[in-house]
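Undergrad: Please find one structure pasted underneath; my questions will follow.
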Amino acid sequence: MKRFVLIIPIMIIVAFLAMWLIEKKYAEVPFDSRILISIGGSIFSGIIAYFLLRHDVHQVDPKPIGSNKKKR
């Protein structure tokens, strides 16, 4: 659930930027197509963020018990 705190704003930012860039550079694209493109991009970025922002607690090596300093 903590991941969604970051994923939802990422999706909103991507949708906003997609709409802005399509409006600015490709004005001839119809409005309904712009909406579909921006929704697809935001969903795709949300899926990518979901997998990249996972928490790997169980894959961390345990803290060493003995000292790592070698005698010289």
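Undergrad: Of the residues that make up segment 53-62, is at least one outside any helix (DSSP H, G or I), among the hydrophobic types (A, V, I, L, M, F, W, C), surrounded by 12 or more Cβ atoms within 10 Å (Cβ to Cβ) and over 21 Å from the mean Cα position of the chain (by Cα)?
TA: Within segment 53-62, the subset outside any helix (DSSP H, G or I) is 53-62.
Still in the list and also among the hydrophobic types (A, V, I, L, M, F, W, C): 53, 57, 60.
If we keep only those that are surrounded by 12 or more Cβ atoms within 10 Å (Cβ to Cβ) as well, we get 53.
Filter again for over 21 Å from the mean Cα position of the chain (by Cα), leaving none.
Within segment 53-62 (the criterion being outside any helix (DSSP H, G or I), among the hydrophobic types (A, V, I, L, M, F, W, C), surrounded by 12 or more Cβ atoms within 10 Å (Cβ to Cβ) and over 21 Å from the mean Cα position of the chain (by Cα)), the answer is no, since none of the residues qualifies.
Undergrad: Return the residue satisfying two criteria in turn: it lies in segment 12-51 and is closer than 30 Å to residue 1 by Cβ, aliphatic (A, V, I, L, M) and without any contact (Cβ under 8 Å) to a residue 24 or more places away in the chain, and of such residues it is most open to solvent (accessible area, probe 1.4 Å).
TA: 36
The values are calculated or read from the model by the stated rules, or taken from the named source; none is laboratory data. Owing to the predicted nature of the structure, the values given are computational and were not obtained by experimental measurement. When we count neighbours, we look across all protein chains shown, and the Cβ atoms used for this are built from the backbone with ideal geometry, even at glycine. Protein only, heavy atoms only, side chains kept; ligands, DNA and RNA dropped before computing areas. Shrake-Rupley method; radii C 1.70, N 1.55, O 1.52, S 1.80 Å.
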